[in-house]
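Below is one structure, written out as structure tokens; the observations come after it.
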Amino acid sequence: MNGSIIVRPAQVGDVDAIFRLLELYTASGVVLKRSKDDITGYLANFIVAEKDGSVCGCCAARDFGHDLLEVRSLVVDPACQGMGIGKTMVNSIIGRLNRERKNWRLFTLTLQVGFFRSLGFSVVEKEIFPEKIWSDCSKCPKYSRCDETALLLEKK
């Protein structure tokens with residue numbers, strides 16, 4: 001929790017808010033477009049941040065198995081940026097992983113390298129995540145000209 005910010009697991013009633021937040025950033029290529037059905041299908045991966053009772057941020061942690069997870073769909077309402085909401089959500093995921101798993105590797109592909117480095121992530125080569133490349137990257141419109149950086153945080 002960060003002041004009046006509450007981070008919690010996403011619920012069915014949050015799907016519209018998550019969709020709205022993601023749509024704010026899909027046109028600029030910050031996150032991949034996701035349908036409401038896709039969000040609903042993977043709702044268990046999502047957490048949301050609430051400020052004054054309204055969803056103002058979301059983030060998902062996709063589990064690829066073998067203790068490899070990805071931070072994805074991390075967005076914060078533009079009116080709430082700079083309040084530490086993104087950091088609070090990622091730290092919430094890290095805290096959950098520390099409680100639930102002995103070992104884990106959490107990665108991201110992002111344009112926000114400094115943000116993730118400030119959380120302890122290190123830059124790595126994208127090719128060490130073939131699971132991601134085949135499942136998502138191959139469908140991305142930026143696949144042949146990817147401008148994102150891969151970062152990794154792990155607990156061994």
Query raised in the report: For region 2-57, what is the charge dipole size about the Cα centre, in debye to the nearest 20, if Lys and Arg each add +1 at the Cβ and Asp and Glu each add -1 at the Cβ?
Result: 100
Query raised in the report: Rounded to the nearest whole Å², what accessible area per residue is found for the chain with the 1.4 Å probe?
Result: 53
Query raised in the report: Between V12 and E100, what length comes free when the chain is fully extended (0.36 nm per residue of separation minus the Cα-Cα distance, one decimal in nm)?
Result: 29.3 nm
Requested in this report: Could you please state, rounded to a whole Å, how far the C-alpha centre of region 1-34 is from the C-alpha centre of region 50-127?
Outcome: 12
Query raised in the report: Is it possible to state the helix-based mean residue ellipticity at 222 nm for the chain, with each DSSP H run of 4+ residues giving -39500 (n - 2.57), the sum divided by total residues, to the nearest 500 deg cm²/dmol? What is it?
Result: -8000 deg cm²/dmol
Requested in this report: Report the FRET efficiency, 1/(1 + (r/R0)^6), for Q81 and K36, where r is their Cβ-Cβ distance and R0 is 25 Å, rounded to 0.05.
Outcome: 0.55
Query - Charge dipole of the chain about the Cα centre (unit charges at C-beta), most positive-ward option of G82, L32, Q11 - result: G82
Requested in this report: Take the solvent-accessible surface of the protein heavy atoms, probe 1.4 Å, and return the percent of it on region 1-75 that carbon and sulfur atoms account for.
Outcome: 53
Report task. Could you list the trypsin sites (Lys or Arg not before Pro) in region 78-120 that lie in coil according to DSSP, counting only those with at most 14 other Cβ atoms within 10 Å of their Cβ? Result -> R101, K102
**Report entry** Violating pairs (Cα-Cα greater than 31 angstrom) within the set K36/K102; K126/K156; K33/K102; K51/K156; K36/K155; K51/K126
**Finding:** K36/K102; K33/K102; K51/K156; K36/K155; K51/K126
Query raised in the report: Label-point separation (nm) for F64 and I128, each offset 7 Å from Cα along Cα-to-Cβ?
Result: 1.1
Report summary line: So F115 and E23, fully extended at 0.36 nm per residue minus their Cα-Cα distance, gain in nm 31.0 nm
**Report entry** the chain, relative contact order in percent, only Cα pairs under 8 angstrom and at least six apart counted
**Finding:** 20
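The values are calculated or read from the model by the stated rules, or taken from the named source; none is laboratory data. The structure displayed is predicted, hence computed values, not measured ones. Here the Cβ is made from the backbone with ideal geometry for all residues, glycine too, and neighbour counts use every protein chain on show. Protein only, heavy atoms only, side chains kept; ligands, DNA and RNA dropped before computing areas. Shrake-Rupley method; radii C 1.70, N 1.55, O 1.52, S 1.80 Å.
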